[in-house]
1. Cα-based Rg of region 6-120 per 2.2 N^0.38 Å, rounded to two decimals?
2. Which value in nm describes the separation of the simple spin-label points at T106 and V34, placed 7 Å from the Cα toward the beta carbon?
3. Based on the mean of other Cβ atoms within 10 Å per residue, sort peptides 201-211, 19-29 so the most packed one is first.
4. Positive end of the dipole of region 144-193, charges at C-beta (+1 Lys, Arg; -1 Asp, Glu), about the Cα centre: which of I192, M182, T163 has its Cα farthest in that direction?
5. Got a sec? What order do L67, L80 fall in by accessible area at 1.4 Å, biggest, i.e. largest, first?
6. For region 111-202, give the magnitude of the charge dipole about the Cα centre (Cβ charges: +1 Lys/Arg, -1 Asp/Glu; no others), in debye to the nearest 20.
7. Out of the chymotrypsin sites (Phe, Trp or Tyr not before Pro) in region 50-122, which ones are loop residues according to DSSP with at most 12 other C-beta atoms within 10 Å?
8. Roughly to the nearest percent, how much of the accessible area of the chain is carbon and sulfur, given a 1.4 Å probe?
Amino acid sequence: MTKHEVSRESFSRRIWRKTWQGWGVKLGFAWIAVLVFAGVFAPFLANSMPLLMRKDGVISAPVLDYLTKEDVLVLAMFALLVVLAGVSWSAGKRLLVFIAGTLLATLLINALLTPPSVVIYDQFRSAAYTQVEWRVMPPIEYAPQDYLRDFGDTGLEEPLESTERTHWMGTEENGADVLSRMIHASRIALSIGLIATGISLVIGVILGGLMGYFSGVIDMLGMRLVEIFESIPTLFLLLTFVAFFGRSLYMMMIIIGVTSWSGYARYIRAEFLKLRKQDYVQAAVAGGLPLSSILFRHMLPNGVAPLLVGVSFGVASAILAEATLSFLGLGLVDAPSWGQMLNQAVKSSLFNWWMAVFPGGAIFLTVFAYNLIGEAFRDAIDPQLSRNAGTGI
């Protein structure tokens, strides 16, 4: 590619091209893609009920009858993302359509869908579901809350230890399949990372943009507010709220988001302090454009690049916070979590190595993947780092 061709590239395209030159970012995105696939299609990858079956000449799909509202919403959001990826709209318009579509899907699902409140997984191993003409089972034939009570006394089992069943990653203390819980727990890891980071990103961009654009007194007051929130220990605040108000994934997302915006505000403030004197910004002010248009339509697209680095590290930090809380035994009770499973490695008198290796490995790989992505963006954005890495153009 010649220098003339590079000069005609947009800034965002150049950043993406330079980011993708490293092998680390490709591995990071590959792992994240695996997690997204597992999280979206978890009910079809690990479940105790047949995907399809034929009995007495009638074909049915039991898995569809037991999909939860969360399952349907995740599938709807994924389908909407796939559709929007093929539409040649601006990023802002796609984001607005995605948010509107998600809200509409949430309202429709809550109004129209009534899944069974209690699922007895033992019944799917009875004659009604096994003595059929044919059936198609998921790759992992155990649901994350299937504790195999029909097999008698079940509990911690090492991988492939049982002679009656196949558990590739063993079972946890209640008898549930670890691989099934690992697959379903990827939803929590992804959702808490993305939603908590999204909350902090919105707050940070708005406050940081106002500080950088107005400067002066507003900047001084804003920086004092940033310093206050930077001094708040997020983990101890989470522990306090859990102790007083109980365990809630949404509460974790909000607390992590509300206490983690200061870094994004600093990024945007620094960028806006540089951009506020640019000719195109002054022209927009002279043209009488509203403040929201100046800040978020003209200045933000030109100052958003450093945020890509902060967002990737922020997602990793949110995942670690949830895993730490679950490891301490204060995470969610009714939903599988990697930190919760990691806690079971040391709960008995023996060290249950499989409960440490698999959940701990998933946490490590996820955080490492986001760090690789963040470093790749940082190297691509910073010209000096790009030259040192040999990728500068």
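The values are calculated or read from the model by the stated rules, or taken from the named source; none is laboratory data. Keep in mind that this is a model prediction, so the values were computed, not measured. Neighbour counts run over all protein chains shown; Cβ positions are idealised from the backbone, glycine included. In case anyone asks, the SASA skips ligands and DNA or RNA and just uses the protein heavy atoms, side chains included. Shrake-Rupley method; radii C 1.70, N 1.55, O 1.52, S 1.80 Å.
1. 1.46
2. Rounded to a tenth, the inter-label distance reads 3.1 nm.
3. Result, highest mean Cβ count within 10 Å first: 201-211, 19-29.
4. I192
5. Reading off the accessible areas and sorting them downward yields L80, L67.
6. With Lys and Arg at +1 and Asp and Glu at -1, about 500 debye.
7. In loop regions of region 50-122 (DSSP not H, G, I, E or B), the sparsely surrounded chymotrypsin sites (Phe, Trp or Tyr not before Pro) are W89.
8. Whole-percent figure for carbon plus sulfur exposure: 65.
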